Amino acid sequence: DEHTEKLRKKLDICVEGGFLPAPILSFSSLNLHLKLVQNIEAAGYEMPTPVQMQAIPAALSGKSLLVSAETGSGKTASYIIPVIKKCADCRGTPNQSLKKPLAMVLTPTRELCIQVEEQAKLLGKGLPFKTALVVGGDAMAKQLYRIQQGVELIVGTPGRLIDILTKHEIELDDVRILVLDEIDCMLEKGFRDQVLQLFTALSQPQVLMFSATIPEEVKKLASSVTKDVVRISIGMQNR
Ligand code: ADP
Ligand code: MG
């Protein structure tokens, strides 16, 4: 509506390709678990950043997204918060004895995966939310064992994930959310086919894609993994 349009204009948020819920102005306007709100406060996040204002309600609505916002604008929390909420909601219901992963985050580097997992642990503390890191440089057997013990989220690089999936049976059919972070960098590093291969191992998840820039190849990849992707861009330089 008109109010939403005005708000987006004021916040320099552009939405294209579909309808999304209005931006939120505080973390408390969402129906988040008390523990999650407390963790957000403890992390020192007083207010959502513009990308979080739009991407968090949008991701919670179930839409697949292609989000661009500059480096340092808080993109990680804009997908980690919805991922934690959806996982905790799902595990909170009975009949969830089989603990198969519910979400997967792919990033181009080991270092970035480590940072993302750290933020996920911080914001997911005290909730039914466990994480596994699947990157090179650490023993694969340990990573596999961790997944087999039951985790909600896997954070990994495409190469290492393909490697572990080729060698071991890991059930990914409950993965409902796939996040591709720094998708521009992922393509630059030549991970396109590996990302597509991992995508086909999942059963039509919601896809959340994040990047500082959206070159043409990113748009192409986005449309090949999902037909109804909504674009969110923050700031004039991204349009
Ligand atoms: P990006 O992925 O867009 O480059 P990050 O997700 O790495 O940005 O976030 C950049 C920094 O901002 C991190 O140190 C993060 O903890 C912090 N941050 C994220 N969201 C908020 C917020 N709502 N309020 C204050 N700091 C935040
Ligand atoms: Mg980032």
*Does the stretch 88-102 contain any residue that is of a type in the set (Val, Ile, Thr) and crowded, with 24+ Cβ neighbours inside 10 Å?*
no
_Answer residue from the stretch 45-70, given it is within 9 Å of ligand 1 (Cβ to nearest atom) and not hydrophobic (A, V, I, L, M, F, W, C) and is farthest from LEU32 (Cα to Cα) among those_ = GLU70
*Considering only the stretch 156-190, state which residues are in a loop (DSSP other than H, G, I, E, B), over 24 Å from ILE84 (Cα atoms) and either among the small types (Gly, Ala, Ser) or more than 16 Å from ligand 2 (Cβ to nearest atom) (or both).*
HIS168, GLU169, GLY190
_the stretch 1-41: number of residues that are part of a loop (DSSP other than H, G, I, E, B), within 20 Å of ILE80 (Cα to Cα) and in contact (Cβ under 8 Å) with a residue 24 or more places away in the chain_ = 9
*Is there a residue in the stretch 131-145 that is modelled with pLDDT of 95 or more, more than 16 Å from ligand 1 (Cβ to nearest atom) and touching a His at 6+ places or on another chain (Cβ under 6 Å)?*
yes
_ALA77 over 12 Å from the mean Cα position of the chain (by Cα) and within 16 Å of ligand 2 (Cβ to nearest atom)_ = no
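Here's the yes/no breakdown for (1) open to solvent by less than 30 Å² (accessible area, probe 1.4 Å); (2) at pLDDT 95 or above; (3) more than 29 Å from LYS9 (Cα to Cα):
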{"position": "ILE154", "(1), (2), (3)": "yes, yes, yes"}
{"position": "PRO158", "(1), (2), (3)": "yes, yes, yes"}
{"position": "VAL175", "(1), (2), (3)": "yes, yes, yes"}
{"position": "ASP181", "(1), (2), (3)": "yes, yes, no"}
{"position": "LEU198", "(1), (2), (3)": "yes, yes, yes"}
{"position": "MET209", "(1), (2), (3)": "yes, yes, no"}
{"position": "LYS220", "(1), (2), (3)": "no, no, no"}
{"position": "ARG231", "(1), (2), (3)": "no, yes, no"}
*asked:* Exactly one of these conditions fails for GLU169: (1) within 30 Å of LEU36 (Cα to Cα); (2) open to solvent by 30 Å² or more (accessible area, probe 1.4 Å). Give me its number.
replied: (1)
*asked:* Looking only at the stretch 61-74, count every residue that is open to solvent by 20 Å² or more (accessible area, probe 1.4 Å), within 11 Å of ligand 2 (Cβ to nearest atom) and of a type outside the set (Gly, Ala, Ser) and tell me the total.
replied: 2
*surrounded by fewer than 16 Cβ atoms within 10 Å (Cβ to Cβ) and touching a residue at least 12 places away in the same chain (Cβ under 8 Å): does that describe MET140?*
yes
*Is it the case that some residue within the stretch 40-47 is under 12 Å from the mean Cα position of the chain (by Cα) and at pLDDT 95 or above?*
no
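The values are calculated or read from the model by the stated rules, or taken from the named source; none is laboratory data. If you're wondering where the values come from, they're calculated on a predicted model, not measured in any experiment. Every residue, glycine as well, gets a Cβ built from its backbone with ideal geometry; the counts of neighbours run over all protein chains shown. Side chains included, ligands, DNA and RNA excluded: accessible areas come from the protein's heavy atoms. Shrake-Rupley method; radii C 1.70, N 1.55, O 1.52, S 1.80 Å.
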